[in-house]
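Below: one structure, written as structure tokens.
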Amino acid sequence: MIVTRENYLNAFDGQRCLITGGLGFIGANLAWRLVELGADVILVDSLIPTYGGNLFNIQGLENKLRVNIADVRDENSMNYLVRKQDYIFNLAGQISHLDSMNDPYTDMEINCRSQLSILEACRKNNAGVKIVYAGTRQIYGNPDYLPVDEKHLVRPTDVNGINKAAGERYHLVYATAYGMRTSSLRLTNCYGPRQWMRDNRLTSQGWLLRLVLDDETAQIYGDGKQLRDLNYVDDVVDAFLRVAAFEEANGQFFNLGAQPYSLVEQVEKMIELAGTGCYELVPWPENKQKISIGDYYGDYRKIKAMLGWQPTIGIEEGLRRTIAYYRQYKEYYW
Ligand SMILES: NC(=O)c1ccc[n+]([C@@H]2O[C@H](COP(=O)([O-])OP(=O)(O)OC[C@H]3O[C@@H](n4cnc5c(N)ncnc54)[C@H](O)[C@@H]3O)[C@@H](O)[C@H]2O)c1
């Protein structure tokens, strides 16, 4: 089949797709979409209790996919699991920036070393598989200019950014050195249903929304003018599908991005749409300020030009859907 911008979603019908980190926020949303598109889906997730995995994320899907509770650090499991897959969406990760500073070796094991061993597992057992890696804008650090394009220097401000940069580079090296079909998406802040909301370790926007929904005071660090671009999770899932389907994405990395808003603007929008909550500005905690990246928003012209991706769900609509989801299913998230 010749893949085009009109038919790329058909590429997954009957295809074997493995999602590492598939019980987490983005992985589970991707799983729902792939099942809808007719794919044969297997999720690999360690379900470590303080990480983002949540079995409720796939409630209703249990009979339509398979779940393998395994850790990507376990090379034997990965050697076996990658066999015969057509697509691997590689999303498993330790995603807390602060945890990466407090326990840098665990972050390195998961976000760096395991990425290399997943690629080795593929090279030895399934070298033709398409692999899409979940990279991050965190690798750019404190930007020299805005919007940040893919030519911007990679200069992370925290251990997580270093390990994610290495994890991405391994994927790209396996494309150039071995001709493998790998790509990376440098995600910016993603939001939507199925995100970890139990505490503020894994997401700041999710945590602020939770406080607003609970009619509490959301605390914003500093002057609240930090700019961030937010992608609704359905748009993020669409980017994964495009990168997977199009052969011209092989060996490439792409920024995502959206219209930027300051943190205060984002929280004001949450309060307006939820009809609850308020906010206050508080001084930065020192440990967070030292690794903060200031303003960020991404230049996504490359993926738009090559693959036709652009954000389609604006902040109002995205927040509306997110608020409705957590109002209905809050008990499963906090
Ligand atoms: N959410 C964002 O805004 C964002 C931004 C940039 C990059 N990313 C990247 O996207 C990916 C997915 O992020 P998310 O927001 O869905 O996070 P998440 O924490 O909800 O999902 C990650 C999943 O990986 C699983 N996992 C962690 N360590 C594992 C291990 N050793 N073995 C197997 N599974 C393991 C977790 O249990 C969890 O289900 C991550 O790699 C993250 O770095 C996310």
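Every number here is computed from the coordinates shown, using simple stated rules; none is lab data. Owing to the predicted nature of the structure, the values given are computational and were not obtained by experimental measurement. With ideal geometry, Cβ positions are generated from the backbone for all residues, glycine too; neighbour counts draw on all protein chains shown.
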Lysines within cross-link reach of Lys290: Cα-Cα under 22 Å, excluding same-chain residues under 8 positions apart? Lys164, Lys225
How high is the FRET efficiency from Tyr325 to Lys290, r the C-beta distance, R0 45 Å, rounded to 0.05? 0.85
All alpha-carbon distances of the range 72-227, grouped into 10 Å bins from 0, give the whole-percent distribution 10, 34, 33, 17, 5, 0
Short version: what are the Cα gyration tensor semi-axes of the range 16-150, square root of 5 times each eigenvalue, largest first, in whole Å? 24, 18, 17
Describe numerically, in nm with one decimal, the distance between label points set 7 Å from Cα along Cα→Cβ at Ile69 and at Glu265. 4.4 nm
Bins of 5 Å, starting at 0 and running to the largest distance - Cα pair percent for the range 215-271: 4, 15, 19, 16, 14, 11, 9, 7, 4, 1
When Val154, Val282, Val41, Val159 are arranged by how many other beta-carbons sit within 10 Å of their Cβ, fewest first, they go Val282, Val154, Val159, Val41
Taking the C-alpha atoms of the range 1-68, convex hull volume expressed per residue in Å³: 79 Å³
Kirkwood Rh and Cα-based Rg: tell me the resulting Rg over Rh for the range 160-282, rounded to two decimals. 1.08
Scattering from the C-alpha atoms of the range 139-211 alone, worked out with Debye: what is log10 I(q)/I(0) at q = 0.25, 0.27 1/Å? -1.13, -1.17
Computed helical MRE - 222 nm, the chain, DSSP H runs ≥ 4 contributing -39500 (n - 2.57), nearest 500: -11000 deg cm²/dmol
Taking the Cβ of each residue in Asp295, Asp229, Asp235 as the centre, tally the other Cβ atoms inside 10 Å and list the residues starting with the fewest. Asp295, Asp235, Asp229
Residues of the range 72-100 with backbone nitrogen within less than 18 Å of a virtual label 7 Å along the Cα-to-Cβ line of Glu120, please, listed as ranges. 72-83
Loop-resident chymotrypsin sites (Phe, Trp or Tyr not before Pro) in the range 65-154 with no more than 12 other Cβ atoms inside 10 Å, DSSP not H/G/I/E/B, are Tyr145
Within 10 Å of each residue's Cβ, count the other Cβ atoms and sort Arg155, Arg169 from fewest upward. Arg155, Arg169
Those helices of the chain passing the 24 Å axial Cα length cut-off and the mean Kyte-Doolittle cut-off of 1.6 (DSSP H runs only) are none
Checking the cross-link filter: which aspartates and glutamates have an alpha carbon closer than 18 Å to that of Lys302, excluding same-chain neighbours under 8 positions apart? Asp149, Glu150, Glu168, Asp229, Asp235, Asp238, Glu247, Glu248
Within the chain, longest stretch free of exposed GluC sites (Glu not before Pro) [DSSP loop, at most 10 other beta carbons within 10 Å]: 63-334
Taking every pair of distinct Cα atoms and averaging 1/r, then inverting, what Kirkwood hydrodynamic radius in Å comes out for the range 262-334? 15.5 Å
For the range 181-304, give the share of DSSP beta bridges that are antiparallel, in percent and rounded to the nearest 5; count only bridges with both residues there. 20 percent
D_trans [Stokes-Einstein, Kirkwood Rh over alpha-carbon pairs] for the chain, 25 °C, 0.890 mPa s, µm² s⁻¹: 123 µm²/s
Go ahead and run the numbers for FRET between Leu61 and Asp149, Cβ-Cβ distance against an R0 of 41 Å, rounding to 0.05. 0.65
